[in-house]
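This report concerns only the one structure given below.
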Amino acid sequence: MPITPPNHGLRVDLRGKAALVTGAGDGIGRAIALAYAANGASLAVNDLEGRGGSTVEEARQLGAEAEFIPADVSRREEVEHLAAAAEERFGRIDILVNNAGVNTPGEQRRPIHEYDECEWRRILSVDLDGVFHGCRVVAPGMAARRAGVIINIASIMGVVPIRLQSAFAAAKAAVLHFTRSIALELAPLGIRANAIAPGSILTRGTTALFYNPEKQALAADLLSHIPLGRPGAPEEIASAALFLASDASSYMTGAVMVVDGGWTAGFARDW
């Protein structure tokens, strides 16, 4: 189900800002990184080893300074190295986007009484611990400068639950409340922290799981819950992240931006 990436023409001034985006090798993270690059930010691109080079190349083609810094965000020491390397390369981190995340593959999803403990810990270590590690190591530098923006990418599964994805739903719900909590702590230090909760976004993963030609019935069922009648594009999440990174959102902190085509507004059905 290909969709045309939107061309919103959204422009903000991120010149002189340095951004660190985790999980930026593909999908939403890549779109956010490139949106920042197109609007003047210097860019630390993070993902697992071997997964961020093309994002860096495209960011440089957009005129941005960009560097790939590999790290597994579930590992505290690797995130500490990631932040130190980004600060050494660019002098500081003005914008942190905690985007890296994982979920259980569709065919392996199970109800709680059959859920594998190792899978539970794998998901929470990336989707929740990774957010904690990123915020913890970047906040001191932001606090010293009395300025900074943190954006945590959650999911609508943190807003409304779904079957067979208890670990993912728990992690993303925790990210939303964690974001509100740190927003209260960091506001007096000049740091804003907000979250984005994407709905069904057309990435390589969701295409394979829901939207490929062999799963037309599944795709139709999923789309029936989305009032706008289509999945979102990664660029539509990037637009939200661009707004939150800019001075246009200077009075926003502790907020959750839901970008889901109306999914969580309620089922578009007649009763």
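The values are calculated or read from the model by the stated rules, or taken from the named source; none is laboratory data. Here the structure is a predicted model, which is why all the values come from computation and not from measurement. Cβ: placed from backbone, ideal geometry, glycine included. Neighbour counts: every protein chain shown.
Yes/no per residue for (1) in contact with a helix residue (DSSP H, G or I) (Cβ under 8 Å, 6 or more places away or on another chain); (2) part of a loop (DSSP other than H, G, I, E, B):
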site	(1), (2)
E57	no, no
A64	yes, yes
V73	yes, yes
E80	yes, no
A85	no, no
E88	no, no
R92	yes, yes
V97	yes, no
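When H177 is tested against (1) within 25 Å of R92 (Cα to Cα); (2) without any contact (Cβ under 8 Å) to a residue 12 or more places away in the chain, exactly one condition is not met: (1). Number of residues in region 129-148 that are outside any helix (DSSP H, G or I) and surrounded by fewer than 21 Cβ atoms within 10 Å (Cβ to Cβ): the value is 2. Counting the residues of region 29-56 that are at pLDDT 95 or above and touching a strand residue (DSSP E or B) at 6+ places or on another chain (Cβ under 6 Å) gives 12. Of the helices (runs of 4 or more DSSP H) contained entirely in region 152-271, those carrying at least 2 residues that are surrounded by 20 or more Cβ atoms within 10 Å (Cβ to Cβ), at pLDDT 95 or above and not acidic (D, E) fall at 166-186, 234-245. Consider region 101-120 and keep the residues that are of a type outside the set (D, E, K, R) and outside any loop (DSSP other than H, G, I, E, B). The one that is surrounded by the fewest Cβ atoms within 10 Å (Cβ to Cβ) is H113. Consider region 41-55. How many of its residues are part of a loop (DSSP other than H, G, I, E, B), among the small types (G, A, S) and surrounded by fewer than 24 Cβ atoms within 10 Å (Cβ to Cβ)? Selection size over region 41-55: 1. In region 8-40, of all residues being in a loop (DSSP other than H, G, I, E, B) and under 17 Å from the mean Cα position of the chain (by Cα), the one that is nearest to T207 (Cα to Cα) corresponds to D26.
When A38, A31 are checked against the criterion of being touching a residue at least 24 places away in the same chain (Cβ under 8 Å), surrounded by fewer than 24 Cβ atoms within 10 Å (Cβ to Cβ) and out of contact with any Cys (no Cβ under 9 Å at 6 or more places or on another chain), A38 stands alone in meeting it.
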